[in-house]
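Have a look at the structure below, then the notes.
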Amino acid sequence: MEQARSAVETIFRQESGRIIATLIRLTGSFDLAEEAMQDAFASALAQWPSGIPVNPGAWITAVAQRKLVDHFRRERTRLEKQPELERQRQPFFQPELATLEDTSVTVADDRLRLIFTCCHPAINPAAQVALTLRTLCGLSTAEIAHAFLVPEATMAQRLVRAKGKIQAARIPYQVPPRHQLGPRLASVQAVVYLVFNEGYSAAGGASLIRSALADEAIRLGRLLCELMPGEPENLGLLALLLLQDSRRAARTTPSGDLILLDHQDRALWNRARIDEGLATLRAALGLGPPGPYQLQAAIAALHAEAPTAAGTDWAQIAALYGELLRIVPTPVVALNRAVAVAMSNGPAAGLLLMDRLEGLESFHLFHAARADLLRRLHRTEEAAAAYRTALDLAGNAVERRFLERRLSEIGSETSKPPEAK
Amino acid sequence: MQYMFLIYGSEAAIAASTESEMAESVARNQAVIEKASAEGALVGVGALLSTSNATTVRLERGIALTTDGPFAETKEQLGGYYILECKDLDEAIAWAEQMPACGGGCIEIRPMMELPG
């Protein structure tokens, strides 16, 4: 019994994305597919104790398909008993029962269609993320709600609305045509990166489920590479996730406080993740001029390969940020470049770039970075003022504690200005 | 399935556009109309005069209350529409990409309800 239960759980984990992707193609409905799959897993719980099938994933798919055939037969009978007028109002999608009954039909790229449908830009971005986690990763609505710190009812509503729009506006279940592929793939990659960041920035109470999000994002990243080999930015994205994730154990204290890169214990970095990240990045860079994910991965790779914080190739990192700035000209990228320049050419050079930036006045990390350079230039009072501005703007308790610590460190170097709070 | 394409734009920007810009916009619309018509996708198309000519009628307890002006004063206003028969939303988006959105505006795509009979 226990053995069967754990087999069912394993198969759900490994195969539910693939199974539901096929069922959605066959039914044209997320809800019907989900219901049929759940019924099939329930049957597995009842039947597998007397023998686990040789190919459990195929067993689940076949049982779900049988349930769907039954469903559509009942629907057909019901419709035939209704008057002509009612019959005309039936939903547009009527699956071919013959297709449904043919269990040999499995299309290799069903999951690819599913990813593109879930991440269709016509769906609200928050719902894209939720729908991807719900269908491709098999997370429950409660788990997703918990991970994104919203009430379960809100998350359920978000999913219902998204599925409703897919049906009503006929968002197609397909890999987009070539001329739309570029922006659509970028939309998919953005969802995967968003899932990762949500997990990676996890701190405090909900951290367990949220760090599971980082794992889910890596799984999705691998899936994208598997389904669309030869897309360099898919590889770049996966490399970036792996390299960032390699530092997961080193970036917080046991109490959840943030540890910056230069203070991390590099022995805690996950070597296997780094090696895989580097190999993935190499594969990507062989395919053509690098896009934004590859550049960010290359930056992460230089950190991963540095023996110490001081031994980091900051000049190369500054050059890569310069490249990234050309493709993604945002103030935040420019800020990162200024920080790298400060590390390679000294704080004065970095400050010069930083003071030219516009549009970051309300971004706490801008003031924190500036404060750091001022501190290193021994302009202590200006540094203290910048730390205080950063502190006023920071929302996250972990980051506030870090800034307070910094402020008190320089406070001991000089007397505080009299008007200080 | 039929989709309605609602074309929004800034009337001030349209009024300020040059003759050659207007001519280009007209030509691009003409191209869409001809292509949609040739493919049997064209259900309807129309361009609207500016909202300075609009009249809004509100029914209050069965009595028509008529006022001058559009339903809402917004920066961008509805300036025209298409109704096209499309296989799915991606096909509709591909049509929208070919339409000129006047005055730096945008195009809202709305699936249409299928009415009985």
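The residue pairs whose first member lies in region A:243-263 and is over 20 Å from A:W314 (Cβ atoms), whose second member is basic (K, R) and part of a helix (DSSP H, G or I), and whose beta carbons are closer than 9 Å, counting only pairs six or more residues apart or on different chains, are A:D245/A:R273; A:R248/A:R273; A:D257/A:R401; A:D257/A:R405; A:L258/A:R401.
Scanning region A:166-183 for residues that are without any contact (Cβ under 8 Å) to a residue 60 or more places away in the chain, within 23 Å of A:T22 (Cα to Cα) and more than 9 Å from chain B (Cβ to nearest Cβ) returns A:R178, A:L181.
Just to verify a result, which residue in region A:184-200, among those that are surrounded by fewer than 21 Cβ atoms within 10 Å (Cβ to Cβ) and more than 25 Å from A:G28 (Cβ to Cβ), is farthest from the other protein chains (Cβ to nearest Cβ)? Per the stated criteria, the residue is A:Y200. Filtered by the rule that a residue be in contact (Cβ under 8 Å) with a residue 24 or more places away in the chain and either in a helix (DSSP H, G or I) or hydrophobic (A, V, I, L, M, F, W, C) (or both), region A:300-309 gives A:A300, A:A301, A:H303, A:A304, A:E305, A:A309.
Residue count for region A:392-403, restricted to those that are surrounded by fewer than 15 Cβ atoms within 10 Å (Cβ to Cβ) and among the acidic types (D, E): 1.
For every residue, the table says whether it meets (1) under 29 Å from A:R170 (Cα atoms); (2) in contact with a Phe, Trp or Tyr (Cβ under 8 Å, 6 or more places away or on another chain).
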residue	(1), (2)
B:L6	yes, yes
B:S17	no, no
B:S20	no, no
B:K35	yes, no
B:G40	yes, no
B:S50	no, no
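Answer yes or no: is there a residue in region A:121-134 that is under 26 Å from B:M112 (Cα atoms), within 14 Å of chain B (Cβ to nearest Cβ), touching a helix residue (DSSP H, G or I) at 6+ places or on another chain (Cβ under 8 Å) and assigned to a helix (DSSP H, G or I). Taking every residue of region A:121-134 in turn, none turns out to be under 26 Å from B:M112 (Cα atoms), within 14 Å of chain B (Cβ to nearest Cβ), touching a helix residue (DSSP H, G or I) at 6+ places or on another chain (Cβ under 8 Å) and assigned to a helix (DSSP H, G or I).
Residues are listed down the side, and each one gets a yes or a no for (1) within 22 Å of B:S25 (Cβ to Cβ); (2) at pLDDT 95 or above:
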| site | (1), (2) |
| --- | --- |
| B:A101 | yes, no |
| B:G104 | yes, no |
| B:I109 | yes, yes |
| B:G117 | no, no |
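Of the helices (runs of 4 or more DSSP H) lying entirely inside region B:7-117, those carrying at least 1 residues that are away from chain A (no Cβ under 14 Å) and under 30 Å from A:I166 (Cβ atoms) are B:19-38. Checking each residue in region A:313-335 for being at pLDDT 95 or above and of a type in the set (S, T, N, Q) picks out only A:Q316.
Just one residue in the set B:A101, B:A27, B:A92, B:A72 is within 30 Å of A:R184 (Cα to Cα) and without any contact (Cβ under 8 Å) to a residue 60 or more places away in the chain; that residue is B:A27. Counting just the residues of region A:139-164 that are touching a residue at least 40 places away in the same chain (Cβ under 8 Å) and buried (at least 18 other Cβ atoms within 10 Å of the Cβ), which one comes out nearest to the other protein chains (Cβ to nearest Cβ)? The qualifying residue nearest to the other protein chains (Cβ to nearest Cβ) is A:K163. When A:V332 is tested against the conditions (1) in contact with a Leu (Cβ under 7 Å, 6 or more places away or on another chain); (2) part of a helix (DSSP H, G or I); (3) β-branched (V, I, T), the lone failure is (1). Can you spot a residue in region A:354-365 that is part of a helix (DSSP H, G or I), at pLDDT below 95 and farther than 30 Å from A:E231 by Cα? Scanning region A:354-365 turns up at least one residue that is part of a helix (DSSP H, G or I), at pLDDT below 95 and farther than 30 Å from A:E231 by Cα.
The values are calculated or read from the model by the stated rules, or taken from the named source; none is laboratory data. Computed from a predicted structure; not experimentally measured. We place every Cβ from the backbone using ideal geometry, glycine too, and count neighbours over all the protein chains shown.
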